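Down below is the structure, laid out as C-alpha cells.
The values are calculated or read from the model by the stated rules, or taken from the named source; none is laboratory data. Please read all numbers here as calculations on a predicted model, not as lab measurements. Please note: Cβ atoms are built from the backbone with ideal geometry, for glycine as well, and neighbour counts cover all protein chains shown.
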C-alpha cells in the first residue's frame with residue numbers, strides 16, 4: 001500500500017550521514033569527499049560461521065553490487081525490495097521501512113557518477129542533484145511529492161532520496177490502461193494546478209511537467225513529482241535562456257531561442273499534459289517530431305508549432321475545450337497563470353474534493369501532534385525522579 005500524502009512517514013531514527021528532520025532543512029551532503037569509482041567500498045554483515053559478535057568484510061563498487069550480493073539488502077531502517085524504475089542518472093527501488101512497514105520509492109544515485117569530471121561549462125552532476133534536494137526540501141504542499149529522507153551511504157557508495165510510493169503508478173500508465181472521464185481529468189489537473197500555483201509562488205519553476213511526472217495515489221489524489229530539472233528563480237520576472245525537459249512539451253517561446261519567461265512555459269507544458277491525458281495523443285500533431293535526437297526534436301517541435309493550429313476533438317466537453325484553448329494559446333501574453341487557471345469553472349466539483357483533502361490533511365496533522373504529545377508525556381513519566 002502506498003504512503004498517503006498529508007500523512008508523512010515517521011522519521012526513521014537511524015545514524016544516516018544525511019537525514020531530513022524538518023522537511024524544509026537539508027543536511028549538508030559530503031559529496032565532495034566521496035570515494036572515486038576505482039576504490040572498493042567496504043561493508044560489513046553478520047557471519048553465522050564466526051558468531052554474532054564477529055563480522056566479515058564485503059566489498060562493493062556500487063549500489064548495484066550491494067543489491068546483487070545481498071539476499072536481504074538493508075540500509076539503516078530501509079529494506080530494498082526490487083527495482084521499479086530507471087532514469088538517465090539514477091535507479092528507483094521499492095523500499096520498505098523495517099519498523100512501520102510503509103513503502104517508499106528510493107531514488108538511488110551512484111556517488112562516483114555524481115562526482116565525475118565534466119567538460120567546459122557543463123554543470124557537475126552532483127550540483128544538479130543537490131539543487132533538486134534543496135528545491136524539494138523547500139516545498140511543502142499536499143499535491144507535491146514530499147522528500148522524506150536523504151541518505152548518503154558510504155557502504156554502497158550511494159546517495160539515496162526517499163519519497164512516498166504511489167502504487168497506482170503515473171498518470172501516463174493510467175492513461176495507457178484506460179480512458180479517463182471528464183471528472184477524473186478535472187480532479188487531477190486541478191490538484192496539479194494547485195501544486196504549481198504554490199510552487200510558482202515560491203519563484204520555483206518545474207520545467208518538466210508531463211503525465212510521467214504526475215503520480216496517482218487514488219482517483220481523487222494526485223501528486224506532482226520529479227524536480228530534477230527545476231529552477232529557483234531570483235525574481236518573479238526573471239527570464240531564462242536554456243531549455244530543459246521533454247522536447248514535445250516545450251512552449252513556442254522556448255523553441256524560438258533567446259530568453260523567455262519560464263512560468264508561462266510551465267503553463268504550456270501543463271496544457272500539453274492535459275491534452276495528452278484527455279485524448280491519448282499530443283496536440284498540434286507533435287508525435288511527428290518524436291524519434292529524433294534531442295536537438296532535432298526541438299527544431300521539429302518549433303517548426304510544427306509555427307504552422308499547426310490547435311485541434312480539439314469534438315468529444316471534448318465545453319469546459320475542457322475552453323480550458324485547453326486558454327492554456328495552449330501560442331501568445332504568451334494571453335496565457336493564464338496558475339492563480340487564474342485553478343479558478344476556471346470547469347474545476348468547480350474538483351475544488352470541492354480539494355476541500356475534503358484539506359480537511360483530511362488537517363485531521364492527520366492534529367492526530368500526529370496528539371500522538372507526539374502523548375509520547376513526550378510518556379518519556380517524561382519514565383525519566384521523572386521519584
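Which residue is modelled with the highest pLDDT, if the candidates are limited to segment 71-86 and must be outside any strand (DSSP E or B) and surrounded by fewer than 12 Cβ atoms within 10 Å (Cβ to Cβ)?
The initial filter retains those residues of segment 71-86 that are outside any strand (DSSP E or B), namely 71-73, 76-77.
Right, trim to surrounded by fewer than 12 Cβ atoms within 10 Å (Cβ to Cβ) and you get 71-72.
On the way: 71: 76, 72: 82.
Among those that are outside any strand (DSSP E or B) and surrounded by fewer than 12 Cβ atoms within 10 Å (Cβ to Cβ), it is 72.
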Kindly indicate which of 201, 259, 288, 235 is free of Cβ contacts under 8 Å to residues at least 40 places away in the same chain and closer than 13 Å to residue 338 by Cβ. 201
Which condition does residue 131 not pass, out of (1) out of contact with any strand residue (DSSP E or B) (no Cβ under 7 Å at 6 or more places or on another chain); (2) under 28 Å from residue 314 (Cβ atoms); (3) surrounded by fewer than 22 Cβ atoms within 10 Å (Cβ to Cβ), if it passes all the others? (2)
Scanning segment 208-224 residue by residue, those in contact (Cβ under 8 Å) with a residue 60 or more places away in the chain and surrounded by 22 or more Cβ atoms within 10 Å (Cβ to Cβ) turn out to be 209, 215, 221, 222, 223, 224
Please give the number of the condition residue 57 fails out of (1) in contact with a helix residue (DSSP H, G or I) (Cβ under 8 Å, 6 or more places away or on another chain); (2) surrounded by fewer than 19 Cβ atoms within 10 Å (Cβ to Cβ); (3) modelled with pLDDT under 70. (1)
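Do we have residue 227 as farther than 23 Å from residue 297 by Cα, in contact (Cβ under 8 Å) with a residue 40 or more places away in the chain and surrounded by 24 or more Cβ atoms within 10 Å (Cβ to Cβ) here?
no
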Looking only at segment 356-373, decide whether some residue is in the same structural domain as residue 186 (by TED's automatic domain parsing), out of contact with any helix residue (DSSP H, G or I) (no Cβ under 9 Å at 6 or more places or on another chain) and in a helix (DSSP H, G or I). no
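If we keep just the residues of segment 99-136 that are part of a loop (DSSP other than H, G, I, E, B) and under 19 Å from residue 156 (Cα atoms), which is modelled with the lowest pLDDT? Break it down into steps so the answer makes sense when it comes.
Quick first cut of segment 99-136, residues part of a loop (DSSP other than H, G, I, E, B) only: 99-102, 115-124.
Okay, now just the ones that are also under 19 Å from residue 156 (Cα atoms), so 115-116.
Details: 115: 83, 116: 79.
Of everything passing the filter in segment 99-136, 116 is modelled with the lowest pLDDT.
Looking for something under 21 Å from residue 62 (Cβ atoms) and within 13 Å of the chain's Cα centre (by Cα) - is there at least one such residue anywhere in segment 151-161? Walk me through it before giving the result.
As a first pass, look at segment 151-161 and keep what is under 21 Å from residue 62 (Cβ atoms): 151-161.
Remaining after also requiring within 13 Å of the chain's Cα centre (by Cα): 161.
Taking every residue of segment 151-161 in turn, at least one turns out to be under 21 Å from residue 62 (Cβ atoms) and within 13 Å of the chain's Cα centre (by Cα).
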